[in-house]
């Protein structure tokens, strides 16, 4: 069986037993071996050495073997214990088992029996290690899974907000909160390029320090965003390269990705850490996912603004047309009333009836126009 450099502590007051077990049986097989000839020394060495296996004589001077086992048990030791003793000490052996011993060998010790007992004990040690390693890996995997679920939940929540909100200020704050969560960053900000000038304007910030150079809705070039506006590619920075930029006055490590609509870069989202903890590729990928939502929000906002502008234009055109039509109807009505009253000359009965019919239709048209103008939306029904 291949050795894994296991540690074994042999405790016995007989030098011959220590020599046989430690030097002749264990050391040649590659084990790390410690020896002690009394219980007090054994206890101190066990605390220091943390052996995988203890081979303990139950008959020791001073602190007995049974007392040693009880002391080790009180310290929470999980080492496998092989107790030894002369024939005729079966009651001591039973007590040793109650104190945690896994095996009991009678003296004089036989090499083959000792090796077999150690091999069985080591199998348990290795299985225990495998279980612990598996448990650790499982715990790590569970933590990663929980983290991924939270990240997906956060991104899903951001998606819902993007589809439901038209308030960019509120939306950007929600996006920043999500970006900080998925990247485990401490602070962040969003800058957008002003359409008319191309200047970078700080539109949102989260946990930013109270510096005069950082003001919402004011120009601010952090030194990173201007680079991304040109390259259109994400970046992570830390240390001296970041310290040379204005963002280095705020953070010691940063990750930034562009906000893009098709191939046009609209702005940049930046997250950072004051501690200098660097960002990994996974952080940048998650930040890119948040940036995609931010880009969608910007496009939606522009579309909504265009629709509002178009709606206002149509409403204005309708109001102007309605006013013009109303004026024309009033003038036509006034003229027909003059004709009906004979101001333009006498009418035959048939002509008078025709004029009256026309006036009724004009009055109906005016009534419909007035009702439409009184509608809550101000638009035609």
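The values are calculated or read from the model by the stated rules, or taken from the named source; none is laboratory data. Since the model is a prediction, treat every value here as computed from it, not as a measurement. Every residue, glycine among them, receives a Cβ derived from its backbone with ideal geometry; neighbour counts consider all protein chains shown.
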Inter-residue pairs, beta-carbon under 6 Å, first closer than 11 Å to residue 102 by Cβ and in the stretch 46-58, second part of a loop (DSSP other than H, G, I, E, B), 6+ apart
54/79
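Where in the stretch 171-285 are there strands (runs of 3 or more DSSP E), lying fully within it, with 1 or more residues that are under 21 Å from residue 298 (Cβ atoms) and touching a helix residue (DSSP H, G or I) at 6+ places or on another chain (Cβ under 6 Å)? Talk me through it step by step, then tell me what you get.
Working: elements: 187-193, 200-206, 235-238, 253-261, 264-273.
Output list reads 187-193, 200-206, 253-261, 264-273.
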Can you find a residue in the stretch 298-311 that is farther than 30 Å from residue 372 by Cβ and in contact with a strand residue (DSSP E or B) (Cβ under 7 Å, 6 or more places away or on another chain)?
yes
Have a look at 90, 78 and point out the one that is at pLDDT below 85 and in contact with a strand residue (DSSP E or B) (Cβ under 9 Å, 6 or more places away or on another chain).
90
Of all residues making up the stretch 336-376, the number that are assigned to a loop (DSSP other than H, G, I, E, B) and under 60 Å from the mean Cα position of the chain (by Cα):
2
Give the stretch 71-108 a look and list any residue that's surrounded by fewer than 16 Cβ atoms within 10 Å (Cβ to Cβ) and under 19 Å from residue 41 (Cβ atoms), or say none.
73, 74, 75
Hey, can you tell me all the residues within the stretch 98-117 that are within 14 Å of residue 56 (Cβ to Cβ), outside any strand (DSSP E or B) and in contact with a strand residue (DSSP E or B) (Cβ under 7 Å, 6 or more places away or on another chain)?
100, 109, 114, 117
From the list 171, 228, 200, 187, pick out the single residue that is buried (at least 21 other Cβ atoms within 10 Å of the Cβ), modelled with pLDDT of 90 or more and either assigned by TED's automatic domain parsing to the domain that holds residue 288 or touching a strand residue (DSSP E or B) at 6+ places or on another chain (Cβ under 6 Å) (or both).
228
